[in-house]
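Encoded as structure tokens, the structure appears first; notes follow it.
We did not get these values from a lab; they are worked out from the coordinates using the rules stated. Predicted, not measured: the structure shown is a model, and the values here were computed from it. No Cβ is skipped: glycine too gets one built from the backbone with ideal geometry, and neighbour counts run over all protein chains shown.
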């Protein structure tokens, strides 16, 4: 495992990580830290990343987990002032960020969203409250059971809509500045 | 194709030179060609280094170890410390014990509805825009913790709250009866709980203070409010008090306590003007006072942002965003400029579930005695105006208009009234069916005459001569007593703020100069909670000044529609001096002038 964040949360926070794919500009990552009641504490987003031809050739099928999970995901999570108690993502390749952060990583599925088109494989699927979730087969559900129980009424998919709008707004607002 | 093993091969040096790198080891025992092909592709456009493969022994493994850089990734970060304070326990005032909604109040929040905040165009800082964009839906916030809401709001009301929430200057101009009060209170409530407001001043007409108190207790029972009232010493203390985050003052008190309102030890986070058309006259004392109140946010609530002319809107915007609008702007340009700040919805657009409103124009012929009195008064008046020639003023014309309108109501000599006969017949039907009706007039004397003649219907009166302290009792009596079928109301006292949705009939016994005032009156009954269709009867005495005024009212509606819609103006708008004198086919003695309400 690469770097581990030693920061401890002052209050329980939920992390939401997504990556938007744009045909021309490439990948843009967004990471939102919320209170457990859904209010925003921090937002981090990357400048667009476009894999080079070399990366595409050399990484092969590992390119997406590398870009989503390590390159974008890990970078964003490390920018947070503290680690979330649980990290949600709505894109399967971003589950790879779990190798680099201590927080459990959970994928939120929707029955109509893009995840449906790319049904994740090798995952444990389950429901928690109103949410359809997936975790890597290697992950223990007991590890996240307590956090999920307290989020039974929380719509875990909704914050990703906020992230997408915020990324679009940030991109309209000018080029990203290095943090 | 050249043999890659036959000559030195150029490959990229960019990886090797990178200190922070991922390591990729690629090896092959049989086909260095594949690796080399990959590398040549990968290093197409970068500086080259030499790798001499002629030393490689045929049939032996060749290992290439190449460092791949991990490219830098630019990240933009935003932090919102406000969220930390957004809990009830962080509020600056004590929440009285035992207040709040029932435990299941969150259930009134619509589950499937999602209303998101949108940053207004005048918020330019990206961090501020993202702050609003990243907020949870209003429904999620209301479901949170102990907030809740007593009744399920309409979706347009949630949109109205989302409109007000992020705005520092806003006009909520919904048609009367759509719940502006509830929307403003809920927006204030959410902002207070989000830690964005600590001091709010609400200014409203005096008769509406008790209404606001009631609405606050219904929609935000946990928020303590202070009504500025009582003797001077008490009011001075109230202006300085920080015990409650919300102060409510009527316009007259504000004017009287001007110096204290302007010196509250800092600025208000928000000042709300209810019935904001009160400040349409920019040179008026009220307008000047409210503009001087130190504040961060300014909201105006009005169902009639334009009553007479486009200048009314300019007056309101002098409070909201001074200089944004000017009286010289054309109505369409004014509408475009103000659009970002104004939210206006009409019942027919958003309340499809509201019972219909039906208009009936009761066109009556004057009785013979009325006609005789009318003609005499008109002839005398015109003779007088003509004799005044250039000395004739609008005031002279108004005096004649009022005199003629009164004759259209009741003949002063005989008491004859065609309108009354029609009204009485209609009220018979209303009472027989167990319904309730409200009758509007601009004159207390007319209402008192009606009260006397309609005695068998036990009519109630609500006008300027009814003491303020008794008015709530009148409304309650009308609401609760099934034997009370008629209430007689003056436009001045009952045009705003009254909730009479249990009345299904509205009679406009005489017409006001201003269609917005008429709308206000009609919407006392036709509003949320209306039990059934509302029938509005507009009396009009044929071939009289009333018919000519009706034409003026239609023109004013055109003005309103021009500013608040994209429709092209149909004709020149506004009333000229000539048009006013033209009511009596007279030539105006001087240039254009605006007509007062």
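Inter-chain neighbour count for A:157-166: the average number of beta-carbon atoms from partner chains within 10 Å of each residue's beta-carbon is 3. Mean partner shielding of peptide A:30-39, defined as the number of other chain Cβ atoms within 10 Å of each residue Cβ, is 5. FRET efficiency for the residue A:23 to residue B:72 pair, using the beta carbon distance and R₀ = 30 Å, is estimated at 0.80. Using r as the Cβ-Cβ distance of residue B:382 and residue B:554, and R0 as 41 Å, what FRET efficiency do you calculate, to the nearest 0.05? Taking R0 as 41 Å, the efficiency between residue B:382 and residue B:554 is 0.95.
Apply the a/c threshold of 1.5 to the C-alpha gyration tensor of the stretch B:446-497 and tell me whether it is rounded, prolate or oblate. Since a/c reaches 1.5 but b/c is at least a/b, the shape of the stretch B:446-497 is classed as oblate. Using a/c under 1.5 as the rounded threshold, could you call the stretch B:133-219 rounded, prolate or oblate? The axes a ≥ b ≥ c are square roots of the C-alpha gyration tensor eigenvalues, and prolate needs a/b larger than b/c, oblate otherwise. Because its axes are fairly even, with a/c under 1.5, the stretch B:133-219 counts as rounded.
Spacing of the modelled spin labels on residue B:337 and residue A:57, each 7 Å from Cα toward Cβ, amounts to 6.2 nm. Packing, taken as the mean count of other beta carbons within 10 Å per residue, orders the peptides B:258-267, A:157-166 from highest to lowest as A:157-166, B:258-267. Note on B:124-134: average number of Cβ atoms from other chains within 10 Å of each residue's Cβ is 5. Any idea how far the Cα center of the stretch A:49-80 sits from the one of the stretch A:133-152, in Å? If you average the Cα positions of each part, the centres end up 25 Å apart.
Taking only alpha carbon atoms, the stretch B:404-477 gives an Rg to Rh ratio of 0.98, where Rh is the Kirkwood radius. Peptides A:128-140, B:332-344, B:268-280 ranked from most to least packed give B:268-280, B:332-344, A:128-140, packing being the mean of other C-beta atoms within 10 angstrom over each peptide's residues. Averaged over residues, the count of other Cβ atoms within 10 Å places the peptides B:198-211, B:455-468, A:26-39 in the sequence A:26-39, B:198-211, B:455-468, highest first.
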